[in-house]
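Here the structure comes first, spelled out in structure tokens, and everything after it is commentary.
Throughout, read-outs are computed from the coordinates displayed, never taken from laboratory work. Everything quoted here is computed from the prediction, not taken from an experiment. Here the Cβ positions follow ideal geometry from the backbone for every residue, glycine too, while neighbour counts run over all protein chains shown.
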Amino acid sequence: MASNSELSRRVRAGVGAVSVGMLVVLSTLVWQLVDSSLSRRKLVLEGNQASARIAGALVAAQLRNHLRAVEGIARRPDFEQLVAARDWTSVQFYLEAILAVHPQLGSAAVADADGKVWARYPVDPSIIGQDFSSRDYFRGAIISDGGYVSEVYEPEGTVKGSVVAFSVAVRDGSGKFLGVVQATLSVETFRLLGTETEVPNGGSIQIFDRAGHSVRQPVNEPLRSHLSNSLVKKALAGFSGVEESRMPGLDGIRLVAYVQVPEVGWAVMVEQSKSEALRPIAALRGRLAGAGALVLLVAIITTGIVIRLIRKLDNERTSSAAVLASALDAVVSIDHEGRITEFNPAAERMFGYRTKEVIGKTVAETIIPTGLPNLHGEGLNKGSLAETTARRSDGREFPVEVSVSKVDLPGTESLLGVIRDIGERKKAEEELNERESYKSALLASIAESVVTTDPDGHITSINPAMETLGGWAEAEVVGRLYADVYSIYDHSGRPVPLEKRVLSRAIKTRQRVASNGFDLMLITRDGRRVPIAITASPIIGNDGGMLGGVDIVRDVSADREVDQMKSALVSTVSHELRTPLTMIQGFSELLLTRKFDAKQSAEALQQINASSERLGRLIDDLLSVSRIESGKLAPRKEELNLSELIGEIAAQYVGVRTVRADIPRGLPSVTADRDMLVQILTNLVSNAVKYSPEAAPVEVTAAPNNGNIEISVTDRGFGITDQEMNNLFEKFYRVDRPEVQKVGGTGLGLFISRSLVEMQGGQIWVTSSAGKGSTFSFSLPVASHTAKEKVG
Ligand code: ADP
């Protein structure tokens, strides 16, 4: 039976050996797993660091995007001009536009070169005129070319909570500093970037500005600097790493991954409680320490636990994916070969692809035909921002803004592209441009002169009509006081002070005010006095704020001339009517009351007859003028023999005056309206008779010249000075000399003659020397069939 017991001993020994072997194998396995799980600790930390880098790149992309928005406005030449001109009304219009296009921004403002804020949107009168030159954003903008991201601060005015400002210096073409345009972003916005719960095991993402202010602290807490924290200091100094440390405001020892945000020098940290993060590993160790007699069982159980733990640890790896998933913008990461490695949910929505469809493909063959912008040299560290066209899975193309940063993930170097659909923004920008050019086209096309000012009376713009009227170019007057540039005098010749001007009244009363009558005179650059009428209106913003005023200035010299002409007409006509009427009344009364003999009666009747003829002529002249001016008069042309016609007119003066007609034989006939020609000749001959001494003869000549016949009426009368000649053919013009005024007349004859001559294709002119006599000449075209044979 010894063999039995031997057998049983061997079996037991075998089982023991196998057990020991199994135990050894299992133990080795377990320890290997434990060991590998310890290296998993490294993975947790690396995962956190990857998260920190991605979060940093996202923060940089977000800041870059807002800075670009402000820069886009600051660099517009038209915006520069407005700031140079201190046209704060229009500047504010731009600020409103920035906020419309970038709704995340909370406010926008422009300070002049002295740091005084003059334009702000939303409108906040408490800020206007205040000095912000000591502000971080103001000084930062001056020293940084590409714009400046300010420290976090608590702004004055109506805004609640902390903000960060994006500021860019405005400079003119020559580089002269004009001011700073600035826009603010509530730090609340950064809360949207991954919330605490998205870092596993009670972790969080922390962001600090250059001064160590926590960007993600709750709104109602006062701003405090955390520069005393060594990790914050390290990250801000440009270091990155993972460390165990205490964190401001958080309990216990934390595992902290920290990086510096590219470009702006902020710090981003991803932190977790150390005990929470490593608890799975700690638990594992504890259980293994308790392994005793039931090693096998324990080992098996432990193996299960370890496997579960490993799975859990793998989940922790995904914390960087969690940061990506929570980003509002589309985020795509690509490896060094240009293949997509990450594609977040926002990217799926934007491009219409599922993540698994694009992973491993290049950006160029999927979402952006031109590929991500290349990062070379400096760009590698600074990141880049570019606008390009993206394509959806259905082929539809749309404009995007791509912000690319380099991110070092463990073991590999990737590019992270943050992509934003800017279709809406582009549309808004185009609308803005259209509105702007529409506005200036509108102003330019207004025939009336327009001046706009700010509430204090500084000129903010003038239109081309005002440039012509006043003589100053817009660039010369913008920014100056309206009253300093344009002097305006009232009817009594006294200058109108600023506060009495209609524009000041309009701004004060918030109502439209018009100057009345022609009682204002504008002094132009060259010293001319132009009669003007002004209508002034206040410019009131949508929110009721006073933005300035607009003056519509109308040059009323023409109106004034018409006015003067009307009075001249009334006085001439009434005088010309009165004279013959008095004669008619006087002589008819004599005839009625006195006993006249036949001769006396004949004389009286002759006077009555001459006066009524004179009345008739006046009425005819007035009718002619009105027909000429209404354009109703058209010549009825026929072929006319001039010598006959001139002979008839000369014959009327037989016994009154010597009127000689000297017409060469064989003079070609003319094509003209007979009645008109008679009226012209009658006018000229009767003037020659009227305005020369009784004994002096009048001569009428005609001669062909260059396809025309020229007819001249020459007298040896008073003559006309050069100055008088200028207005001779104008309506109602009569030379202002006693010898002329003594002779009756309306000043219509020459106007009518000129109109009738020109209507028939001819010209009229005069040569004269004062005191010696005048020659009035006009031309008429030769009748076509006679032209060839007889005119040389
Ligand atoms: P009226 O003779 O009725 O005043 P006209 O239009 O015919 O009006 O002439 C305008 C003015 O031109 C006259 O008032 C006169 O001063 C000047 N004038 C016209 N003809 C002569 C002339 N032959 N010699 C000098 N002055 C003339």
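Please list the non-local residues whose amide H lies under 5 Å from the amide H of ALA661, H modeled 1.01 Å from N, same-chain partners needing a gap of 5 or more.
Here VAL700 satisfy the definition.
Once amide H atoms are built 1.01 Å from N in the peptide plane, which residues 5 or more positions from TYR353, or in another chain, come under 5 Å H to H?
Long-range HN contacts for TYR353: SER393.
Measure off 7 Å from each Cα along the Cα-to-Cβ vector at LEU223 and ASP722, then give the distance between these two points in nanometres to one decimal.
My value for the distance between the label points is 7.7 nm.
In terms of Cα to Cα distance under 17 Å, which aspartates and glutamates are near enough to LYS632, apart from those fewer than 8 places away along the same chain?
Here the aspartates and glutamates satisfying the reach criterion relative to LYS632 are ASP620, ASP621, ASP673, ASP675, GLU758.
What are the extents of the Cα atoms of the range 64-193 along their three principal axes, in Å, largest first?
Answer, in whole Å and largest first: 41, 29, 28 Å.
Seen from all sides and averaged, what is the projected area of the convex hull of the Cα atoms in the range 436-504, in nm²? Don't skip to the answer; put the middle values down first.
On the way: hull surface 20.3 nm².
Mean orientational projected area (the range 436-504, Cα hull): 5.1 nm².
Taking Cα pairs under 8 Å and at least six residues apart, what relative contact order does the range 398-525 come out at, in percent?
On the way: 150 pairs, mean separation 19.7, N = 128.
Answer for the range 398-525 is 15 percent.
Give a residue-ordered list of calculated ³J(HN,Hα) values for the range 688-702 (Karplus: 6.51 cos²θ - 1.76 cosθ + 1.60, θ = phi - 60°; whole Hz; x for Gly, Pro).
Couplings: 4, 5, 4, 9, 9, x, 4, 7, 6, x, 10, 10, 10, 10, 8 Hz.
First select every other residue whose beta carbon is under 14 angstrom from the beta carbon of ARG339; then total the charges, Lys and Arg +1, Asp and Glu -1. If you can, show how the numbers build up before the last one.
On the way: positive: LYS356, LYS361; negative: ASP335, GLU337, GLU342, GLU357, GLU365, GLU413.
Neighbourhood net charge equals -4.
Could you list which residues have their amide H under 5 Å from that of ALA119, counting only those 5 or more apart in sequence or on another chain, with H placed in the peptide plane?
Amide H to amide H, under 5 Å and 5 or more residues apart or across chains, ALA119 pairs with VAL110.
Going toward the positive end of the dipole of the range 458-510, with +1 on Lys and Arg Cβ and -1 on Asp and Glu Cβ, which of ALA483, LEU503, GLY470 do you reach last?
Farthest along the dipole direction, towards plus: LEU503.
Less than 15 Å Cβ to Cβ from GLY457, Lys/Arg counted +1 and Asp/Glu -1: what total charge do the surrounding residues give? Intermediate values should be presented prior to the final figure.
Details: positive: ARG86, ARG480, LYS500, ARG501, ARG505, LYS508; negative: ASP87, ASP454, ASP456, ASP484, GLU499, ASP551.
The answer is 0.
Expressed as a whole number of Å, what is the distance separating the alpha-carbon centroids of the range 56-121 and the range 563-604?
The range 563-604 and the range 56-121 have Cα centres separated by 80 Å.
If you count the DSSP beta bridges with both ends in the range 637-709, what percent of them are antiparallel, to the nearest 5? The partial results should precede the final answer.
On the way: 5 of 9 bridges.
Beta bridges within the range 637-709, antiparallel portion: roughly 55 percent.
Where does the charge balance sit around SER126 when Lys and Arg score +1, Asp and Glu -1, over other residues with C-beta under 12 Å from its C-beta?
Within the 12 Å Cβ shell, the charges total -1.
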